[in-house]
Every structure is written in C-alpha cells, then in structure tokens.
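> Just dropping this structure here.
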Amino acid sequence: MATSSGNSSQIPNNSASDEVFMVVDERKRKRMQSNRESARRSRMRKQKHLDDLMCQVTQLKKENSNILNSITMTTQQYGNVEAENSVLRAQMMELTQRLQSLNEILTYINNSNNNNNYYQEDFQMNPWNLMYVNQPIMASSDMLYQY
C-alpha cells in the first residue's frame, strides 16, 4: 500500500506542478504582454517627441529666414540712408561755401560803401559779378562712388 499511496501522492504532485507551471506560464504571458504594451507606448512617446522636435525645427527655420530677411532689408535701408546722408553733407558743404562767399561779398560791399560809392554801383550793375549766386547745387550719390 505504501507504493500505491506513493503513486497516489505523485499524481496530485504532478497535477499541482502542472497547475504551478500553468500559473507561472500565465504570469509570464501576462508580463510579456504588458512589456509589449509598455514598449509600444514608449515607441509612441518617442515618435511624438520626434514629431514635436521636427515641428520645432521647421518653426525655427522659418523664424531664422524671417530674421535674415529683416537683416537684409535693414542693411539695404542703412546703405540708402548713408548715401543720402553723404549727398546731404556734400550739399551742406557747398551751401556753406556759397554762404561764406556771399558774406564776403556783403562785407566788400559794406566796406565799399564807406570808401567809395563808385565801386559799389559798378559792382551791383555788372551781371558778371553775380554769376555764381543762382547756380543750382549739383551733388548726388554718384559723386561719392568714383572708380
């Protein structure tokens, strides 16, 4: 009987071990499924992060392009303003010289009034003496860029 009871004790052990293996196998299968889901979620997060970075790169490239366009336009405007300022400086110098000449003429006339009225009348009546008074100012940006 001992052998038969030994055999009967092994049968429940085999079915118990089968149940343990089935439970372990079920746990292993569930863990594998959970790991697969976790890996899938991780890949999705990684893809979303990559997509977000690509959108950010696109936006930054667009901003960079706008900034470069702005710099180009500002540089062109700066060049135009510099050329205009150069013309204005040249005109100012010419006008200053003309004013100085006119002041010299007035000084001469005033001094002549004190000395002799004959010279004053001769100077005022002679049109060649006033030849440069009404001359236009001939300054342009082309004068600045001589080769």
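The values are calculated or read from the model by the stated rules, or taken from the named source; none is laboratory data. Since this is a predicted model, take the numbers as computed values, not measurements. Virtual Cβ from ideal backbone geometry, glycine too; neighbours counted across all protein chains shown. Remember, those area values only see protein heavy atoms, side chains included, never the ligands or the DNA or RNA. Shrake-Rupley method; radii C 1.70, N 1.55, O 1.52, S 1.80 Å.
> When you go through N114, N69 one by one, which is the residue that is loosely packed, with under 10 Cβ neighbours inside 10 Å and either part of a helix (DSSP H, G or I) or at positive phi (or both)?
Numbers: N69 fails: loosely packed, with under 10 Cβ neighbours inside 10 Å.
On inspection, the qualifying residue turns out to be N114.
Okay, residues lined up against (1) open to solvent by 90 Å² or more (accessible area, probe 1.4 Å); (2) among the charged types (D, E, K, R); (3) at pLDDT below 95; (4) touching a helix residue (DSSP H, G or I) at 6+ places or on another chain (Cβ under 6 Å):
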residue	(1), (2), (3), (4)
A2	no, no, yes, no
I11	yes, no, yes, no
E19	yes, yes, yes, no
N35	yes, no, no, no
R45	yes, yes, no, no
D51	no, yes, no, no
K61	yes, yes, no, no
